[in-house]
Amino acid sequence: MLDQLESNYDCSNADDDLPKLMQELEEWKSKTGNDASKETIDTIHRLENQIHFIRNKCGIR
């Protein structure tokens, strides 16, 4: 997970960052069940938000 994403994010990093974030998201989702902790759910949401932010900022679909 990236520590901090800001409006000045450098889209040249997206090719490297997006695959890492997506892989990390899949790993978190695969080890969660119906009894996921609040911390786990928050981590999944943060990863989804980071992916969404990069895609929107950099015009990636």
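Ignoring ligands, DNA and RNA, please state the percent of accessible area on the chain from carbon and sulfur, probe 1.4 Å. Don't skip to the end; give the middle numbers.
On the way: 1980 of 4530 Å².
Carbon plus sulfur share of accessible area: 44 percent.
Given the Cα atoms of the chain, and with Rh set as the inverse mean 1/r over their pairs in the Kirkwood sense, what is Rg to Rh to two decimals?
Working: Rg = 12.3 Å, Rh = 12.2 Å.
Here Rg/Rh amounts to 1.01.
About the Cα centre of the chain, how large is the charge dipole given +1 on each Lys and Arg Cβ and -1 on each Asp and Glu Cβ? Please answer in debye to the nearest 20.
Values: 8 positive and 13 negative charges, 53 e Å.
The dipole of the chain has a size of about 260 debye.
Measuring with a 1.4 Å probe in the full set of protein chains, what accessible area per residue, in whole Å², belongs to the chain?
Working: 4530 Å² over 61 residues.
Computed with neighbouring chains in place, this is 74 Å² per residue.
The values are calculated or read from the model by the stated rules, or taken from the named source; none is laboratory data. The structure presented is a predicted model; accordingly, all values stated were derived computationally and were not measured. Here the Cβ is made from the backbone with ideal geometry for all residues, glycine too, and neighbour counts use every protein chain on show. The accessibility values were calculated without ligands, DNA or RNA, using every heavy atom of the protein model including side chains. Shrake-Rupley method; radii C 1.70, N 1.55, O 1.52, S 1.80 Å.
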